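**Q** First the structure, which I've put down as structure tokens, then a few questions once you've had a look.
The values are calculated or read from the model by the stated rules, or taken from the named source; none is laboratory data. Keep in mind that what you see is a predicted model, and the values were worked out from it rather than measured. Cβ sites come from the backbone with ideal geometry, for glycine too, and all protein chains shown count toward neighbours. Please note that ligands, DNA and RNA were not included when accessible areas were found on the heavy atoms of the full protein model with its side chains. Shrake-Rupley method; radii C 1.70, N 1.55, O 1.52, S 1.80 Å.
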Amino acid sequence: MEICFVLVRPAVPENVGAAARALKTMGFSQLRIVGSQAHREKPARILAHASTELLENAQEFANLEAALADVDFAIGTSAKTRHDKRYNLTPAQLRDVIVAKGASVARVAIVFGCEESGLSNDELDRCDALSTIPLATTYPSLNLAQSVMLYAYEL
């Protein structure tokens, strides 16, 4: 099973670089970027430190639908708990759900929104499940790269 990390409209190159470093540190190599060129900027490369190949090999997509076209199970992340009919899992619970799916899925995507506004409701609707990191306070929320690191660590 492959796990890819999808960053939707990341605005801060340093966050993308730090996310790439976190992914490589945790053993992941698949990064997808939607609607942004932030990963191509010098500050991203500087913070990627020894992980620039993830930035160079990142797949680029115009929209989330295209980025998820070959994905069997997509998980949208959100700082806000949302109440609907889909799962709302912590990263640890998510790991167990993915393991339980076994061979029924070939590719899983963990989807993160832009730093300012996160994923839109429409983008979350494109995901099969939702995940939220339990926080002691609702603000400040976690930085994009910190969130990526927590999910990469759990998975």
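**Q** Please work out which one of (1) out of contact with any helix residue (DSSP H, G or I) (no Cβ under 8 Å at 6 or more places or on another chain); (2) in a loop (DSSP other than H, G, I, E, B); (3) hydrophobic (A, V, I, L, M, F, W, C); (4) surrounded by fewer than 20 Cβ atoms within 10 Å (Cβ to Cβ) is the condition Val71 fails and give its number.
**A** (4)
**Q** OK, next. Within region 133-153, how many residues turn out to be more than 12 Å from the chain's Cα centre (by Cα), of a type outside the set (Gly, Ala, Ser) and surrounded by 16 or more Cβ atoms within 10 Å (Cβ to Cβ)?
**A** The total comes to 1.
**Q** Give me the residue from region 102-126 that is under 16 Å from Ile3 (Cα atoms) and open to solvent by 60 Å² or more (accessible area, probe 1.4 Å) and, out of that set, modelled with the highest pLDDT.
**A** Ala106
**Q** Let me ask you something else. Quick one: in region 25-52, of everything that is among the polar types (S, T, N, Q) and closer than 28 Å to Ser120 by Cβ, which residue is surrounded by the fewest Cβ atoms within 10 Å (Cβ to Cβ)?
**A** Going through the qualifying residues, I end up with Gln37.
**Q** Out of the residues in region 118-151 that are free of Cβ contacts under 8 Å to residues at least 24 places away in the same chain and in a loop (DSSP other than H, G, I, E, B), which is nearest to Gly76 (Cα to Cα)?
**A** Within region 118-151, the match that is nearest to Gly76 (Cα to Cα) is Ser120.
**Q** Could you please find all residues in region 41-50 being part of a loop (DSSP other than H, G, I, E, B) and at pLDDT 95 or above?
**A** In the first step, residues of region 41-50 are kept if they are part of a loop (DSSP other than H, G, I, E, B); the result is 41, 49-50.
Answer for region 41-50, where residues must be part of a loop (DSSP other than H, G, I, E, B) and at pLDDT 95 or above: just Glu41.
**Q** In addition: Cβ-Cβ under 6 Å, sequence separation 6+ or interchain: first residue in region 22-42 and farther than 16 Å from Leu64 by Cα, partner hydroxyl-bearing (Ser, Thr, Tyr) and buried (at least 19 other Cβ atoms within 10 Å of the Cβ). Which pairs?
**A** Cβ pairs passing all conditions: Lys24/Ser51.
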